[in-house]
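Report on the following structure.
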Amino acid sequence: MLDGLTNGIVYGLIAIALVLVFAVTRILFIPQGEFVAFGALTLAMLQQGQTPGPVWLLLLLAVCATGMQLYTLLKSGQPGGILRCLLKNLLLPVAIAALVLWAAPQQLALPVQVALTLLLVTALGPLMYQVVYESLADASVLVLLIVSVGIHLAMTGLGLLFFGAEGFRTPSFWDARWQFSTLTLSAQTVVVVVTALVLLIALWLISERTLYGKALRATAVNRLGARLMGISTSLAGKISFAVAAFIGALSGVLIGPMSTIFYDSGFLIGLKGFVAATIGGLASFPLAACGALFVGLLESFSSFWASDYKEVIVFMSLLPILLWRSFVAPVHDEEEE
Amino acid sequence: MKHMRTPHRLLLALLLALLLLVLLPTPLFWIIQANYIGLYALVAIGLVLLTGIGGMTSFGQAAFVGIGAYTTAYLSTAAAWSPWLTLPAGLCITGLSAYVLGRITLRMSGHYLPLATIAWGISLYFLFGKLEWLGKYDGIAEIPSLQFFGIDLGQERHMFFLIWVIVLAAVWLSLNLLDSRAGRAMRALKGGRIMAEAMGVNTGSYKILLFVLAALLASVSGWLFAHLQRTVNPSPFSLAMGIEYLFMVVVGGIAHIWGALLGAAVLKLLADQLQVLLPALLGDGANVESIVFGVILILLLKYARGGLWPWLCQFGTRLMPSAALPIRVQHVSTLARRAVPTKGDALLEVTNIAKRFGGLVAVNEVSFGVKAGEIVGLIGPNGAGKSTTFNLVTGLLHASSGTVRFNGQEISGLHSRAIALRGVARTFQHVKLLPSMSVLENVALGAHLRSRQGFLRNTVNAMLHLERQEEQELLDEAAHALTRVGLQQWMHAPAGSLALGQQRILEIARALCCDPLLLLLDEPAAGLRHLEKQALAQVLRQLRESGVSILLVEHDMEFVMQLTDHIVVMEFGAKIAEGTPAQIQQHPAVIEAYLGGIE
């Protein structure tokens, strides 16, 4: 029951990231789950004092991004911008990579390692948007979806390359356990709940109170309108990807101590996030969060009653959900190509 | 058209190549490769129909392959059925599950289907792997081989014939299907749904049809797979394989049946090469293949979205330019026409219709009528609610209140499809046509409802090309409409290559093909030059003579005044005046609306 709740919270965080990314960029971000796995496994690598593989991915993406920008600069005959472009695109990723490379063998304290993990994985998000999606911003949802699947394939392959086929379980942040009559409450659950709440409040504050948050919301409502108002949709895309990557990494760090994570565990977790997000029609944050709790509970109940068919039950539950949604909101949006 | 067309020539060439492959002493390795390519191609053809033509996508095709394979595996071992009987059983199960899945998801916008198919693919994979009677993850072994009049098809060389006969049949049927009335409707699903509905196409049914067809092709592939391998286990039917099928189609060319074959071949050969090459380069253990596939997929979609086939075609046409198709000038229509109501009878009666979008009242209690054999102009400044009124009459939007009666029947609340069936055709303010299809095909879409065949019968006939007589009649009708509006010399050009004014005329020709009693034209003269406008006015007058009534929105006052019998003026969603052109020109409220009041 409590397991279901904590899993549900993690799915909820992922669902929120998915809804955010979809609203802002129209991308169904299948590889969201890979960020979760990357987060958990990066932390595990840091724990063992090894250099986490995503550092190389970060550098590779940064080089790709820089190369692509240099190419357009040279083609349009603006060699003056080269230095600025180099600095802008390379400085931060290289700094982060250097920091991680330096810190990895030091076996620093757990909170520092968590911070490093979050930093590293979050940095992947916007770069991925820049390299892969930016030039495709006007493509149809379908094309974007297939591209996402491409990223998923590549990231799973990379995950195996970086982390190996073994699964890891990271140590928990807080080992205490409390007994309430028949109910055992582990501290890790408390950590998950509190972190999720803090994150939700922070996200809400950012989206309501800051200019960037408002820009994101504007882009979600109307891309063209936002662009005409001087909001860079590309910036909005990068921000939403950064948030998504951050949420993914955080979820990974949170579930790392509770279940063993393999390089390909992320996919199923991400898909469960999708099931949850679909309950909210990929548009509503509160509904997506409720949906996630439902998915988490369904999963823990079905693993209790019919553990063999756990996944089948969870994913098949999408069908009645879709049926229900088709009656509640039969959206017919025409996508003109 | 007795001479052979390009697709059929290609089909013949492929047949010869395949025959050569088996007749020559080809090593068994290549025969086996060809067998697998054929199996993949079957699934890929379905995906081309679904994704490239219909604009939907599925990651769950591998699961449908799995249903086909497991059905035959179980029935031919545990139940000891003849393998030839398990094929229809597998098709039934697959078709039914695809139908249910499609009914649930296709009602909603596009991205739910791929999500649902992902969930479907994963669920089935786990189900195959967990069910005791399906052998769990070990699967089912010792599946009997196929027997064909005493010939054992267990041998790869024999199986080759069966697989490729089926693949060629699938190609032939799909090509036939696309080159037909049903095919035009299917090609309209991607990016032209509203327009197709207004032409009376039941887009929902065609979507489900495509989804079921794709699933059935996958199921056949699964049946063949089970009897080729003689054993099944869950892993070839996982989601990863579903993704790989989509990958083949993207590589080969997503909008072309031939692209499916090309993609299947390229992927199978590439995957084999990679499996040898990559571990040698990078050391094994790592799943580098999926990285390479993922990256290629992204690069292709970023830089060559059409895939390999269109690229090859470019070469082909440079080597062998295809002969220009003959222009068909058609002066008479042969199709049966509707009975025309008596001139002067009330045809369209709009009573107090209103449309509110939240707090905004776009159309406010507007009433007017169109009599049979009359041209009525609907004019007013921008934002007056004219196009909204059009959408209310044609069923694209539903009125918040009020009624619309047409030819004595109430039509408010009906789908645009049902309204089209009753004889209302329209054009759009923002041209809606299918730019890559030819002008003739675009216009023929308008004649969709002129077919006398039912939905399924028409589809089956189209696949077998048994409906050629009727197809000719429909195309003749389209050619007739084009001749009528003067676009006949462009009939084989892609519709997107026409100038905007011509595209509007094309829309009129398409609407004419519906055999309308009432034609609604939204700014037909916009973008036309003076002489073209005169010609258009002439066409519209002829139509009026033949009994068609016309309701038109237009900003060119000269055009409206010389053509119409009656004018309705709207401003801010309300009707402000109504009368003959002469009365309207003198009407104080109209003058104020257009020129501003005198203070």
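Taken together, the values in this text are just the output of simple stated rules run on the coordinates, not laboratory data. Just so it is clear, the structure is predicted and the values come from calculations on it, not from any experiment. Counting neighbours? That spans all protein chains shown, and the Cβs are built from the backbone with ideal geometry, glycine included.
Annotations for the structure displayed:
- Segment B:Y99-B:K136, extension gain: residue separation times 0.36 nm, minus the distance between their alpha carbons: 10.7 nm
- Computed from backbone phi, the HN-Hα couplings of region A:253-264 come to 4, 5, 8, x, x, 9, 9, 6, 10, 9, 4, 10 Hz, rounded to whole numbers (Karplus: 6.51 cos²θ - 1.76 cosθ + 1.60, θ = phi - 60°; Gly and Pro given as x).
- Here region B:493-571 is treated as an ellipsoid with the same Cα gyration tensor; its semi-axes, largest first and in whole Å, are 20, 16, 12.
- Radius, Kirkwood style, for the protein assembly as shown when every pair of distinct Cα atoms is counted (Å): 30.7 Å
- Working from Cα pairs under 8 Å separated by at least six residues, relative contact order for chain A is 38 percent.
- With 0.36 nm allotted per residue and the present C-alpha distance subtracted, the B:D152-B:V295 stretch has 47.2 nm of extension available.
- Evaluated with a Cβ-only charge set (Lys, Arg +1; Asp, Glu -1), region B:436-514 carries a dipole of roughly 160 debye about its Cα centre, given to the nearest 20.
- Cβ-based charge dipole, region B:41-319, positive-most Cα from B:S145, B:L262, B:S235: B:L262
- For region B:120-214: rounded, prolate or oblate by the Cα gyration tensor [a/c cutoff 1.5]: oblate
- Size of electric dipole in the protein assembly as shown: Cβ of Lys, Arg +1 and of Asp, Glu -1, about Cα centre, debye, nearest 20: 740 debye
- Shape analysis of region B:99-173 places it in the oblate category; the axes a ≥ b ≥ c from the Cα gyration tensor give an a/c of at least 1.5, with a/b not above b/c.
- Distance histogram in 5 Å bins (all Cα pairs of region A:13-263, percent per bin): 1, 6, 12, 16, 17, 17, 13, 8, 5, 2, 1, 0, 0, 0, 0
- Placing unit charges on each Cβ (+1 for Lys and Arg, -1 for Asp and Glu) gives region B:473-599 a dipole about its Cα centre, and among B:L531, B:L563, B:L543 the Cα reaching farthest toward its positive end belongs to B:L531.
- Computing FRET efficiency as 1/(1 + (r/R0)^6) for B:R422 and A:V221, where r is the C-beta to C-beta distance and R0 is 60 Å, gives about 0.95.
- Karplus-derived HN-Hα couplings along region B:496-508 (A = 6.51, B = -1.76, C = 1.60, θ = phi - 60°), whole Hz, x at Gly and Pro: x, 7, 6, 6, 4, x, 5, 4, 5, 5, 4, 4, 5
- Using the Cβ of B:S400 as centre and a radius below 15 Å, the other residues enclosed give a net charge of +1, where K and R count +1 and D and E count -1.
- Largest GNM mean-square fluctuation across A:T156, A:T122, A:T72, computed for chain A with C-alpha springs under 10 Å, falls on A:T72.
- The string of couplings for region A:207-217 from the Karplus curve (6.51, -1.76, 1.60, θ = phi - 60°) is 6, 8, 9, 9, 5, 5, x, 5, 4, 4, 5 Hz, one whole number per residue in order, with x for Gly and Pro.
- Put in line by how crowded their Cβ is, counting other Cβ atoms within 10 Å and starting with the fewest, B:Y245, A:Y212, B:Y112 read A:Y212, B:Y112, B:Y245.
- Each label was represented as a point 7 Å from its Cα along the Cα-to-Cβ direction; for A:L86 and B:L14 these points are 5.2 nm apart.
- Shielding by other protein chains, A:309-321, mean Cβ within 10 Å: 6
- Nonlocal amide H pairs with B:M570, under 5 Å, H built at 1.01 Å: B:I379, B:G380, B:I576
- FRET efficiency estimate (nearest 0.05) - Cβ-Cβ, B:Q453 to B:Q429, R0 35 angstrom: 0.60
- Placing pseudo-labels 7 Å out from each Cα toward the beta carbon at A:L211 and B:R468 gives an inter-label distance of 7.0 nm.
- Convex hull projection area averaged over all views, region B:41-319, Cα basis, nm²: 16.9 nm²
- Structure remark: mean-square fluctuation, Gaussian network model of chain A, C-alpha springs under 10 Å; the largest value among A:K238, A:K75, A:K310 belongs to A:K75.
- Pairwise centroid distance, computed over Cα atoms, of region B:489-534 with region B:330-377, Å: 20 Å
- The charge dipole of chain B, taken about its Cα centre with unit charges on the Cβ atoms of Lys, Arg (+1), Asp and Glu (-1) only, comes to about 520 debye.
- Fully extending the segment from B:R356 to B:N382 would add 7.6 nm, taking 0.36 nm per residue of separation and subtracting the current Cα-Cα distance.
- DSSP beta bridges confined to the protein assembly as shown are antiparallel in about 65 percent of cases.
- Of the trypsin sites (Lys or Arg not before Pro) found in region B:315-388, the ones in coil according to DSSP and having at most 15 other Cβ atoms within 10 Å of their Cβ are B:R337, B:R338, B:K343.
- Whether region B:436-514 is rounded, prolate or oblate, judged on the alpha carbon gyration tensor where a/c under 1.5 counts as rounded: prolate
- Under 30 Å, Cα to Cα: Lys pairs in region B:41-319, sequence gap 8 or more or different chains: 8
- Take each residue in A:154-165, count the other chain C-beta atoms within 10 Å of its C-beta, and the mean is 5.
- Among A:A218, A:C85, A:V198 - extreme Cα towards positive end, dipole of region A:13-263, charges at beta-carbon: A:A218
- Under the simplified labelling scheme, the B:M561-A:A283 pair shows an inter-label distance of 4.6 nm, with each label point 7 Å from Cα along Cα→Cβ.
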